[in-house]
Amino acid sequence: MRHFAHPHVFSPITIRGKRLKNRIMSTGHDTCLPTNDLVNDELVAYHEARARGGCGLIVLQVSGVHETARYTSHLLMATDDKCIAGYQRLADMCHSYDTHIFGQLFHPGREIMETAEGIQPVAYSASAVPSERFHQMPRAMSLELIDEVVKGYANAAGRMQRAGLDGVEIVASHGYLPAQFLSPRVNLREDKYGQNKLLFLSEVFQAVRHKTGDDFIIGLRLSESERDPSGIQSEEALQAALALEHQLDYISITTGTSNTLAGAIHIAPPMTLKHAYLAPASIRFKQKLSIPVMVAGRINQPQVAEQIIASGQADMCGMTRALICDPDMPAKAEQGKLDTIRACIGCNQACIGHFHKGVAISCIQYPETGRELQYGKQLLASISKRVMVIGGGPAGMKAALTAAQRGHKVSLFESSPRLGGQVLLAQLIPARAEFGGLVTNLEQELRGLNIDIHLNAPADKALAQREAPDAIVLATGAKPYWPQFERNGSLDVLDAWQILQGDAKVGKNVVIADWRSDWIGMGLAEKLALQGCNVTLAVNGLCAGEMLQSYVRDSVVGRLHSLGVKTVPYARLFGCDDDTVYMQHSITDEAMTFEQIDTLALSLGHQRVDGLIDELKGIAPIYPIGDCLAPRTAEEAILDGLRVCSEL
Ligand SMILES: Cc1cc2nc3c(=O)[nH]c(=O)nc-3n(C[C@H](O)[C@H](O)[C@H](O)COP(=O)(O)O)c2cc1C
Ligand code: SF4
């Protein structure tokens, strides 16, 4: 049974004399969990969940090697001996599960996202070439500063080694400082670091090896191409790897850059990119290099990893969001319980989405992530209650699941023929079919528990009285919000649901009034443009997709541009007549007129479906959750389900 389905994934690999038990790794990823630059209980608990779940290697999130490396206000810093105790806790914990752990040595160069004081930083790079995405104009590093930073890498590695970590990885990927030295279009220096673009990295490796000796793993993370005209091109990356190979124990392949909006999409590739899309790039390195090659990028299932390793495309697979979403994935795969794996859907909403908001990492599907200290272990309730969950969208499903896990007797009533609620509509948006995986995963989890699920079963007072529950969890969702607006004439007005469900005829010239500024307005625009409509997306916000994680937004922005969708920001719906839509500029209130329009499409949010609150009053305590509590997204709905039922 063991190793049977995935013999390659579950075969060990030895790197510089250290035997890693399997080929599944969690690549470095910021969690926003650390406080005061240091490892804390939350971060240890977070990684413990992944080590316990069977992951072979954890590469810790980036640690700054110099004061000028603070690219956000909540990273780890390895610039002082006070960091050692925290790394040691992580090392001891990982080793107790036979999981290896490396640190990431990091300097962003000019790629500084934000500072603790909210001011613009003094950023440094190889040369004074601005960062396109973060709008920073860096200073060219002096020779003294280069020397200090190289020593910073070595000292940070020394601290990690003293703490018991098994190795370090130098982050030269994603356009960060070492990559800025490598790129002939960013490194315009005329000194020795300009004449030899490899020199900086080579000195870093030398200094780290000198500091740590022979018994310490040193790896490199590199973008196979930065997908940026001013960044490292694919042949340059390969040549750099070949030239530096003799100083390395492994290479971890990724792609893209922090420097451009398009390149940054690949830092955490959204569901628009294919599973394992970097395997073909990884094999280019694997064929030329003799050190182990690791690859990440939408490898979300063990079968996919098995195929990559078996076919010789890489030696290890980064399955980072797969582990954020399901820390137990390796153990489940090893035990052959593939059906129970909660596969990551590449939505980016709560992992990198939270990082960009500066809040603790989580997962839309598994809100226990990042909250391990609170929800890591579901304790059985002291009294088993009869819990009636009404509504089978994400909120109701997670509520039922959590209540059943805690030993309650749960019945779930859904008025429609299928579980899933609004997710069933959301998955109809172009290139978002994978979002439906959220329902598949929750259904699978429900199946493993003793829950009475009733479909086509609208709830009412008589039903609730018959059930005689101890608690009612109300997850009846929401419906499209139609605000008051001046409607004088015959123009066709449709809401997003009608269009997505496909039961409404849409005319040739369409204006979308998009207050939500999220997937729905953009998705309608793409769907209708693909059908041949002339589409204007009028957004009551700063830009289309304002509310979305930027990589998700930008991947759609590009497609809308290619499809010729016209986007108009700051547009508030005012009214319409026979063939004209009237908006107001949301700053000046001046009129914005869209003429010769056939259809006005509304993406104006939702309103609660909460009628049962009054009807069921007195039968049992009622807990509204999800959109029934307040219309938000699937993330809040699932978290509501967890929170409320963890307390019952
Ligand atoms: C929340 C988050 C933070 C990240 N931060 C880092 C980082 O600190 N260092 C790094 O090398 N990559 C970082 N990445 C990129 C990941 O290491 C990985 O390459 C990416 O998630 C793609 O792999 P996956 O599809 O298996 O998740 C981050 C990704 C996520 C989701
Ligand atoms: S939030 Fe979305 S992308 Fe991130 S780990 Fe969870 S499912 Fe994957």
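The values are calculated or read from the model by the stated rules, or taken from the named source; none is laboratory data. Just so it is clear, the structure is predicted and the values come from calculations on it, not from any experiment. Backbone-built Cβ (ideal geometry, glycine too); neighbour counts: all protein chains shown. Side chains included, ligands, DNA and RNA excluded: accessible areas come from the protein's heavy atoms. Shrake-Rupley method; radii C 1.70, N 1.55, O 1.52, S 1.80 Å.
I'd like the Kirkwood hydrodynamic radius of region 344-437, using the inverse of the mean 1/r over distinct C-alpha pairs, in Å. Display every interim value, and only then the final one.
On the way: mean 1/r = 0.0665 Å⁻¹.
By the Kirkwood definition, the hydrodynamic radius is 15.0 Å.
Between Cys533, Val568, Ile613, whose Cα lies farthest towards the positive end of the dipole of the chain when Lys and Arg beta carbons carry +1 and Asp and Glu beta carbons carry -1, centred on the Cα centre?
Towards the positive end, the residue furthest out is Ile613.
To make sure I understand the rule: partners must be lysines, Cα under 21 Å from the Cα of Lys337, and not fewer than 8 residues away in the same chain. Which ones qualify?
Lys21, Lys377, Lys398
How many nm is it between the label spots at Leu530 and Val359, if each spot is 7 Å from the Cα in line with the beta carbon?
Label-label distance for Leu530 and Val359, simple model: 3.1 nm.
If a/c stays under 1.5 just call it rounded; otherwise compare a/b with b/c (prolate if a/b is bigger, oblate if not). Do that for region 99-148, with a ≥ b ≥ c from the square roots of the Cα gyration tensor eigenvalues.
oblate
Please go through region 164-270 and write out the GluC sites (Glu not before Pro) that DSSP classes as loop and that have at most 10 other C-beta atoms within 10 Å.
Sparse-neighbourhood loop GluC sites (Glu not before Pro): Glu190.
Using packing as a proxy for protection, rank 45-52, 6-13 so that the peptide with the highest average count of other Cβ atoms within 10 Å comes first.
45-52, 6-13
So what is the orientation-averaged projected area of region 426-501, using the convex hull of its C-alpha atoms, in nm²?
Hull-based average projected area comes out at 8.8 nm².
Using alpha-carbon pairs under 8 Å, 6+ residues apart, how would you state the relative contact order of the chain in percent? Can you show the working numbers first?
Working: 1530 pairs, mean separation 73.5, N = 648.
Result for the chain is 11 percent.
Largest first, how would Ile622, Ile119, Ile638 line up by accessible area (1.4 Å probe)?
The most accessible residue leads, giving Ile119, Ile622, Ile638.
Report the FRET efficiency, 1/(1 + (r/R0)^6), for Lys151 and Gln303, where r is their Cβ-Cβ distance and R0 is 41 Å, rounded to 0.05.
0.35
Can you give the calculated 222 nm mean residue ellipticity of the chain, where each DSSP H run of n ≥ 4 adds -39,500 (n - 2.57) and the sum is split over every residue, rounded to the nearest 500 deg cm²/dmol?
Rounded to the nearest 500, it is -9000 deg cm²/dmol.
Pull up the cross-link candidates among the lysines for Lys288, meaning alpha carbon to alpha carbon under 24 Å and not fewer than 8 places away within one chain.
Hits, sequence-local ones excluded: Lys18, Lys197.
For Phe435, tell me the accessible area in Å² from a 1.4 Å probe, rounded to the nearest 10.
10
What is the chain by shape, rounded, prolate or oblate, if you read a ≥ b ≥ c off the alpha carbon gyration tensor as root eigenvalues and call it rounded for a/c under 1.5, prolate for a/b larger than b/c, and oblate otherwise?
Oblate is the answer for the chain, as a/c is 1.5 or above yet b/c matches or exceeds a/b.
Nearest 5 percent is fine: what portion of the DSSP beta bridges confined to the chain is antiparallel?
If we restrict to bridges inside the chain, about 20 percent are antiparallel.
Once a ≥ b ≥ c are taken as the square roots of the eigenvalues of the Cα gyration tensor of region 256-316, is the result rounded (a/c under 1.5), prolate (a/b larger than b/c) or oblate (a/b not larger than b/c)?
oblate
So for region 151-208, averaging the separation of alpha carbon pairs under 8 Å that are six or more residues apart and normalising by length, what relative contact order in percent results?
In percent, rounded to a whole number, it is 38.
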